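Comments concern the structure below.
The values are calculated or read from the model by the stated rules, or taken from the named source; none is laboratory data. Keep in mind it's a predicted model, so treat the numbers as computed, not measured. Cβ coordinates were reconstructed from backbone atoms using ideal geometry, including for glycine residues, and neighbour counts include every protein chain displayed.
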């Protein structure tokens with residue numbers, strides 16, 4: 001069942017099977033033709049059919065045929081399908097004002113071709129029509145291979161499958177994900193999601209909750225209720241939870257990365273630029289180490305997949321342990337005002353590993 005868009009962002013919806021005909025090729029104007037304005041270009045490309053429907057429903061299509069200039073990060077049909085939006089009529093069930101704000105988040109009020117983006121710039125901020133900032137990363141090249149420019153473009157965790165399409169009033173890039181922005185803090189995001197209620201309760205009991213309303217930034221890999229229940233952690237068992245028995249920073253805190261604002265595609269970009277797709281650091285207030293990386297098959301445009309593991313410094317020969325993988329794209333890269341939240345399908349450190357010695 002479709003949920004309503006709230007507070008200017010698209011809420012992830014139940015996945016649905018896209019049953020329409022397959023027309024995946026983007027129609028780019030021939031160099032001899034006159035360039036179209038943004039609104040007309042989107043309207044005449046089947047792979048942007050759902051984006052066009054959202055623009056027309058909210059009145060933005062007419063605006064995008066104006067003088068501009070504009071830069072569009074246009075989600076393709078598959079990006080909307082991921083959120084459960086498979087038909088043009090689906091938009092009629094959504095709040096028009098909130099949808100308009102969400103679509104404005106994909107549009108810059110300026111012309112921004114690739115040549116004007118910082119080479120190998122990571123999460124460079126630009127203001128959009130919604131009055132918020134988007135994070136652009138242009139992973140141009142490996143410094144060790146300066147003659148081979150990749151120019152992979154990422155925006156808030158989404159990947160540009162088609163870049164730098166010239167319009168009469170701007171530039172268009174086609175993205176593989178709908179960009180998500182949720183006003184408020186990571187704390188408010190988690191508190192509003194019933195599927196994270198057990199993790200929220202665990203953070204409160206462990207004294208780790210209040211920090212999440214602070215300035216941040218925080219990157220959080222949040223285990224849902226099902227992940228915690230598989231390890232025997234429920235609302236009922238938390239009522240008898242004795243924090244003194246556990247290293248709470250290890251049991252519940254390892255999923256909070258303070259001082260980090262990480263989209264999954266940042267790792268793909270850093271691998272291109274530096275050849276280092278992995279982040280390794282001590283868990284906050286613990287001596288255990290976490291290891292985090294993410295990959296994406298850019299040619300097949302698969303969802304970004306992360307892996308999160310830990311290492312016990314007293315047993316380094318064991319290497320990475322407890323590795324959990326995640327690639328549920330619609331639940332990841334949730335940008336808030338003080339950080340980013342990703343969905344974690346299982347616990348990395350099990351309760352017995354977090355027991356105090």
field: residue 244 vs. criteria part of a helix (DSSP H, G or I), out of contact with any helix residue (DSSP H, G or I) (no Cβ under 9 Å at 6 or more places or on another chain) and assigned by TED's automatic domain parsing to the domain that holds residue 282
entry: yes
statement: Among the residues of region 87-104, the number that are part of a loop (DSSP other than H, G, I, E, B) and crowded, with 19+ Cβ neighbours inside 10 Å is 1
- line: Picked from region 272-287 (must be in a loop (DSSP other than H, G, I, E, B) and touching a residue at least 12 places away in the same chain (Cβ under 8 Å)), the residue surrounded by the fewest Cβ atoms within 10 Å (Cβ to Cβ) is 275
query: Do we find a residue being in a loop (DSSP other than H, G, I, E, B), surrounded by fewer than 17 Cβ atoms within 10 Å (Cβ to Cβ) and modelled with pLDDT of 90 or more anywhere in region 250-260?
result: yes
message: If I ask for residues that are assigned to a loop (DSSP other than H, G, I, E, B) and either surrounded by 16 or more Cβ atoms within 10 Å (Cβ to Cβ) or touching a strand residue (DSSP E or B) at 6+ places or on another chain (Cβ under 9 Å) (or both), which ones from region 306-320 would you list?
response: 312, 313, 315, 319, 320
message: I need the full set of residues from region 288-305 which are free of Cβ contacts under 8 Å to residues at least 60 places away in the same chain and within 15 Å of the chain's Cα centre (by Cα), in order please.
response: 293, 294, 295, 302, 303, 305
- request: Any chance you could count how many residues in region 182-209 are over 22 Å from residue 330 (Cβ atoms) and touching a helix residue (DSSP H, G or I) at 6+ places or on another chain (Cβ under 8 Å)?
  value: 8
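Here's the yes/no breakdown for (1) modelled with pLDDT under 95; (2) surrounded by fewer than 21 Cβ atoms within 10 Å (Cβ to Cβ); (3) under 17 Å from the mean Cα position of the chain (by Cα); (4) within 27 Å of residue 327 (Cβ to Cβ):
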site: 120; (1), (2), (3), (4): yes, yes, no, yes
site: 145; (1), (2), (3), (4): yes, yes, no, no
site: 148; (1), (2), (3), (4): yes, yes, no, no
site: 158; (1), (2), (3), (4): no, no, yes, yes
message: Just to be sure I understand the filter: pairs with C-beta atoms under 9 Å, separated by 6 or more residues or on different chains, first member in region 54-83 and on the phi > 0 side of the Ramachandran plot, second member surrounded by fewer than 19 Cβ atoms within 10 Å (Cβ to Cβ) and in a helix (DSSP H, G or I). Which pairs pass?
response: 59/96
message: So residue 41 passes all but one of these: (1) modelled with pLDDT of 95 or more; (2) closer than 24 Å to residue 133 by Cα; (3) more than 25 Å from the chain's Cα centre (by Cα). Which condition number does it fail?
response: (2)
- request: Could you tell me which of the residues 245, 260 is in contact with a strand residue (DSSP E or B) (Cβ under 7 Å, 6 or more places away or on another chain) and more than 15 Å from residue 122 (Cα to Cα)?
  value: 245
message: Going by what's in this entry, would residue 235 be described as farther than 30 Å from residue 137 by Cβ, surrounded by 13 or more Cβ atoms within 10 Å (Cβ to Cβ) and in the same structural domain as residue 279 (by TED's automatic domain parsing)?
response: yes
Qualifying residues in region 105-118 (those that are assigned to a helix (DSSP H, G or I) and over 22 Å from the mean Cα position of the chain (by Cα)) - the one surrounded by the fewest Cβ atoms within 10 Å (Cβ to Cβ): 115
query: In region 323-350, which residues are under 15 Å from residue 253 (Cα atoms) and surrounded by fewer than 18 Cβ atoms within 10 Å (Cβ to Cβ)?
result: 350
